[in-house]
Amino acid sequence: MKIAPLEKWIQTYKKPVLALQATLVFTFLYLPILILIIYSFNDSRFDANWTGFTLNWYQKLLTGLTESTADISTESLWSSLQNSLIIALSSTLVATFLGTLMALALERFRFPGSKVLEALLLLPIIIPEITLGVSLLVFFTLVFRILENLTGIRLTLGLPSVMISHATFSIAFITITVRARLSDLDPALEEAALDLGANEWKTFWRVTFPLIFPAILSGALLAFTLSLDDFVVTFFTTGVGATTLPLFVYGMIKLSVTPIINAISTLMLLVSLFFVISALKLQNQVNINN
C-alpha cells in the first residue's frame with residue numbers, strides 16, 4: 001500500500017519538528033530565568049549594561065546593602081527572610097498535620113459530605129491566586145470586625161494572617177500527595193498487622209505511617225516551597241512588620257533595579273529548586289518501592 005505524500009512527510013519530519021517545538025517551549029520558559037542568573041554576576045549596577053563578571057552583589061547580601069540610590073539595610077533584608085522562613089515553616093507544619101488527617105479521612109472512610117469536601121479541597125488549586133488573596137482579605141476583615149464588636153479587641157493583619165492563608169492553599173497539595181500514596185497502599189499489610197494482634201493505633205504507627213511518610217515529607221517540601229515563593233496571597237494578607245522576602249524584592253524593584261535583585265532572586269530560585277527536586281525524588285522513591 002502506497003503512503004500518501006502528507007503521511008510520508010509526517011513520518012519523515014515528525015521527530016525533528018517535535019524536537020524543535022520542545023526546544024522553543026523550554027527556551028521561552030527558562031531563558032528569562034537564565035538571563036536573570038547571568039546578570040546577577042554583572043559588574044555594572046545597571047542590568048541592561050554588561051561590563052564584566054563579579055561576585056560583589058552576593059557579597060553585599062552577606063556584608064551589607066547600602067546603595068547610593070537605594071537605602072536598603074542588611075537588617076531589613078534578613079528580617080524579611082526571617083519572616084518568610086517563619087511563615088513557611090509554621091504554615092507547612094499546620095498544613096502537613098491537617099492535610100495528612102484529611103487524606104486519611106477521605107481515602108479510608110465514607111461519610112456525609114465527603115464528595116463536597118473533595119470538591120472544596122481542589123478550590124485553592126483551581127482558582128486564581130488573586131481571587132484567593134482577595135477572598136482571604138475579605139474573610140480576615142470580616143472576622144476582625146466581628147471580634148472587635150464582641151470583645152473590643154482590635155486585630156490587624158500580620159504574620160498570623162499570612163500563616164493561616166499559606167496553610168489554606170498548602171493543605172490541598174499535601175492532601176492530594178498523601179492520598180495518592182494511600183490509594184496505592186496494599187490493604188493486606190494493615191490487615192496482617194491486625195491479625196497478628198496489633199490494635200489500630202499500633203498498626204498506623206508501625207505499618208501505615210512509615211509507608212506514607214515519604215509522601216508526607218514530599219508534600220511538606222512542596223508546601224514549604226510554595227509558601228516561601230508566594231507573593232500574591234501574601235500581598236493581600238500581610239500587615240505592618242510582616243514583609244516577606246518576595247515583597248521585599250518587589251519593594252526594591254520600585255526603588256532601584258540593580259543586579260542585587262537578581263542575586264536575591266537567584267538564591268531564592270536555588271532554594272526552591274532544592275526542595276522541589278527533593279520532593280520529586282521522594283515521590284519517585286515511593287513509586288519504585290511500590
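Worth a mention:
- Number of the condition not met by residue 289 [criteria: (1) surrounded by 13 or more Cβ atoms within 10 Å (Cβ to Cβ); (2) of a type outside the set (A, V, I, L, M, F, W, C); (3) at pLDDT below 85]: (1)
- Of the set (1) at pLDDT below 85; (2) in a helix (DSSP H, G or I); (3) surrounded by 13 or more Cβ atoms within 10 Å (Cβ to Cβ), all apply to residue 65 but (2).
- Here 101, 185, 142 are screened, and the one residue that is modelled with pLDDT of 85 or more and over 22 Å from the mean Cα position of the chain (by Cα) is 142.
- Within segment 142-164, residues that are of a type in the set (D, E, K, R) have Cβ atoms under 8 Å from residues that are in a helix (DSSP H, G or I) and surrounded by 15 or more Cβ atoms within 10 Å (Cβ to Cβ) in these pairs: 154/144, counting only partners at least 6 apart in sequence or on another chain.
Rundown of residues vs (1) farther than 20 Å from residue 237 by Cβ; (2) not in a helix (DSSP H, G or I), yes/no style:
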residue: 89; (1), (2): no, no
residue: 105; (1), (2): yes, no
residue: 111; (1), (2): yes, yes
residue: 120; (1), (2): no, no
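To keep it simple, each residue is scored yes or no on (1) in a helix (DSSP H, G or I); (2) crowded, with 17+ Cβ neighbours inside 10 Å; (3) not hydroxyl-bearing (Ser, Thr, Tyr).
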residue	(1), (2), (3)
142	yes, no, yes
160	yes, no, yes
168	yes, yes, no
182	yes, yes, yes
190	yes, yes, yes
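- Restricting segment 236-263 to residues that are in a helix (DSSP H, G or I) and in contact with a Phe, Trp or Tyr (Cβ under 8 Å, 6 or more places away or on another chain), the residue that is farthest from residue 218 (Cα to Cα): 259
- Flag for residue 200 being crowded, with 18+ Cβ neighbours inside 10 Å and either at pLDDT below 80 or in contact with a strand residue (DSSP E or B) (Cβ under 7 Å, 6 or more places away or on another chain) (or both): no
- Counting residues in segment 205-227 that are under 22 Å from residue 134 (Cβ atoms), over 22 Å from the mean Cα position of the chain (by Cα) and at pLDDT below 85 gives zero.
- The test for being at pLDDT 90 or above and hydrophobic (A, V, I, L, M, F, W, C) holds for residue 162.
The values are calculated or read from the model by the stated rules, or taken from the named source; none is laboratory data. Remember, predicted model here, so these are calculated numbers, not experimental data. Backbone-built Cβ (ideal geometry, glycine too); neighbour counts: all protein chains shown.
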